[in-house]
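The values are calculated or read from the model by the stated rules, or taken from the named source; none is laboratory data. Note that this is a predicted model, so its numbers are computed, not measured. As a convention, Cβ positions derive from the backbone with ideal geometry for all residues, glycine included, and neighbour counts pool all protein chains shown. Just so you know, the surface numbers come from the protein's heavy atoms only, side chains and all, with ligands and any DNA or RNA stripped out. Shrake-Rupley method; radii C 1.70, N 1.55, O 1.52, S 1.80 Å.
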Amino acid sequence: MVKAFLDLPPLAGASGTVRLPGSKSISNRVLLLAGLAEGTTRVHDLLDSDDTRVMLDALRALGCTLQEQGRVLHVTGIGGQLRVHEAKLFLGNAGTAMRPLTAALAVLAATQGGVFELSGVPRMHERPIGDLVDALRPLGCTITDLGTPGYPPLRLSGQAGGRLATGRAIRVRGDVSSQFLTALLLALPLVAQAADVVIEVEGELISKPYIEITLNLLARFGIEVRRDAWRSFTLPAGSRYRTPGDIHVEGDASSASYFIALGAIAADGGAPVRIEGVGLDSIQGDIRFVEAAQAMGADVRGGPGWLSVHRGRWPLQALTLDCNHIPDAAMTLAVMALYADGTTRLTNIASWRVKETDRIAAMAAELRRVGATVTEGADFIEVTPPVTWQAAAIRTYDDHRMAMCLSLAAFNPAGVPVRILEPDCVAKTFPEYFDALLGVAHARPESVPVITVDGPTASGKGTLAAELAAALGYHLLDSGALYRATGLAALEDGVSPDDEAAVARIAATLDLRFDGGRTWLRGREVTDTLREEQAGMMASRVSSLPAVREALHGLQLAFRRAPGLVADGRDMGTVVFPDAELKVFLTASAGERAARRHKQLISKGFPSNIDSLRADLEARDLRDSSRLVAPLKPAQDALLLDNSALSIEESVERVLAWWAARRPFEAVERHPKG
Ligand code: DC
């Protein structure tokens, strides 16, 4: 389900281990190189994200063979010879696919003949590519602007047998995006057979560490580039891509920055935040974020493939830093600045303005929203921490880094929650980001929001609760399942449902596991068995035993974890979570509930009689509401919802509207995609 927002409760600390997904920059370079090379490359630990998916689709369209074997991707390349001469490639918002594919297909079309159209999402069509086109045209590449000149979409075409003017140096500007130089470095070995090809950079080259990654990976694929300072690069005659066989993708150093910051902000006392997959030996430039974080006070240790971070100085040290060498990770410093003891100034970051969004403007706007004082200029940003923190709904501008960065505002000392709008944008580079974050960050239980949904059997609580949890990205507690499982286990052990002490012992040591909508009891899957009438009847009996309810109490409380919980049952609002922020009591007429249950049973092929179902339901209602312990009744502060005449969607919408009214966030219009 696409979530409109994710609310992070105030977070209080962090410790534990995260394993980072593969680097986007390395993944897409490796994929392109493997796709152009001869032979099969086995790519290990590849990033699986939006940006790599568009590259994979492009390679497939160009005739490369891709085979997944376990966690290893086997890529058989085209060996520098076009197999497909016409293709339309959609590249989403992946600069790391658009720029190098433009260069590679331009030179291949110009020499081997072909027509290729490259396009992306609307934002991709606002990201400049003119400097690369200007470098390729004098070579003899035919590049047609299909939209605004200087921006994608583009058509690359040419005739077989065409020749390129590689005799003189190819000039490219280096001061807008280093990806233009990377694109040429990755593409021109294709046409450097007969003579050296020289690339000269005009203007100051920015983001040099990304060029280092490119050179490093070219070397792995058999191309030894000679470099004269950062001005001129020579691809030697006879260049030919050769697969290295196996290649491992490091964890993403830019993604590591969020967890380094997390450790610096929240790993105080106790265990550190440990990061695996990227370490001090990384070839990625953003690993130098470590030094910047240390300068702000982080206590970072590390070795090959790992980092370990504690809070050091606190509050963090405000500083002024030239961030040209870490353009992406520097965004994380802007958020660390919220926790510093003065004004932090990040300079030389003009490239932020041509990324997924105008990141200087976006960062300034969203940091102000949480209460910070921000000054922005053409190529700098200055951040002073909030005096008063605000509970803010953060716009993410379809920019994964905005979402990941601003999530760190949830550690604010004021204890206000943070709403991240359209959080799924993290899929660009780190689809599991929020799970990873909440796997190591903790909230105090009392600050984790809970919605309770209580009500009688077959009122549709389970469905409503599951839909609410999915819409909000919250955990789900189906407390009935705990009683059902206890009943089943008692049955299995031959324990009478009236033997209170024995059943309570079973409940206290219940080996029950929930995962992706399925349930295991004592290692055996019981998802369907739990829903059967027999389990329901057993549950109704064992749930009237006080010692059993007591035994299951702690287990239920343990479900209250960030970002939040939706709990359904009979006494969620009255006994287990009396402080829940929203309590719903769901009812429907006995006739309606019997009819629904009847329909459900018939659809599963079980014969059933609607009148006896209704009689059963009424008997169960009576027992649940007249028992002495935790009888079924609405909490005093519960909102009643009779859904007899409502569809599931209508019920969900009604409750989400109640929920919205209780949250401290202002209502926002959806940010248009693109
Ligand atoms: O919601 P359900 O049908 O799965 O619940 C099964 C039985 O467990 C039902 O008879 C009531 C009991 N129950 C309870 O007493 N307290 C809860 N929190 C949940 C269920």
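Solvent-accessible area per residue in the chain equals 39 Å², computed with a 1.4 angstrom probe and all protein chains kept. Beta bridges from DSSP with both residues in the chain: antiparallel share about 60 percent, rounded to the nearest 5.
For 514, 233, 90, 411, give me the order by solvent-accessible area with a 1.4 Å probe, most accessible first, ignoring ligands, DNA and RNA.
Most to least solvent-accessible, the answer reads 90, 514, 411, 233.
For the peptides 287-294, 432-439, the ranking by mean Cβ contacts within 10 Å, running from highest to lowest, is 287-294, 432-439.
If you find the alpha carbon centre of segment 470-548 and of segment 77-150, how far apart are they in angstrom? Cα centroid to Cα centroid, the span is 59 Å. Taking packing as the residue-averaged number of other Cβ atoms within 10 angstrom, the listed peptides 367-380, 272-285 run from highest to lowest as 272-285, 367-380.
Would you tally the net charge around residue 267, using a Cβ to Cβ cut-off of less than 9 Å, leaving residue 267 out, and scoring K and R as +1, D and E as -1?
-1
Heavy-atom accessible surface of residue 64, to the nearest 10 Å², is about 10 Å², with a 1.4 Å probe and all protein chains retained. Here residue 24 sits with roughly 20 square angstrom of accessible surface, probe radius 1.4 Å. Scalar couplings 3J(HN,Hα) for segment 587-599, obtained by applying the Karplus form with A = 6.51, B = -1.76, C = 1.60 to θ = phi - 60°, are 9, 8, 4, 4, x, 5, 5, 5, 5, 5, 4, 4, 4 Hz; x denotes Gly and Pro.
Neighbours of residue 640 by Cβ distance under 12 Å: Lys/Arg scored +1, Asp/Glu scored -1, total 0. Rolling a 1.4 Å probe across all protein chains gives residue 389 an accessible area of roughly 30 Å². Other residues within the sphere of radius under 14 Å centred on the Cβ of residue 379, judged by their own Cβ, net out at -2 (K and R +1, D and E -1). From most to least packed by mean Cβ count within 10 Å, the peptides 249-260, 127-138, 560-571 give 249-260, 560-571, 127-138.
Take the residue pairs 24/355; 461/583; 24/88 and return only those whose Cα atoms are more than 18 Å apart.
24/88
The helix-based estimate of mean residue ellipticity at 222 nm for the chain, built from -39,500 (n - 2.57) per DSSP H run of four or more residues and divided by its residue count, is -10500 deg cm²/dmol to the nearest 500.
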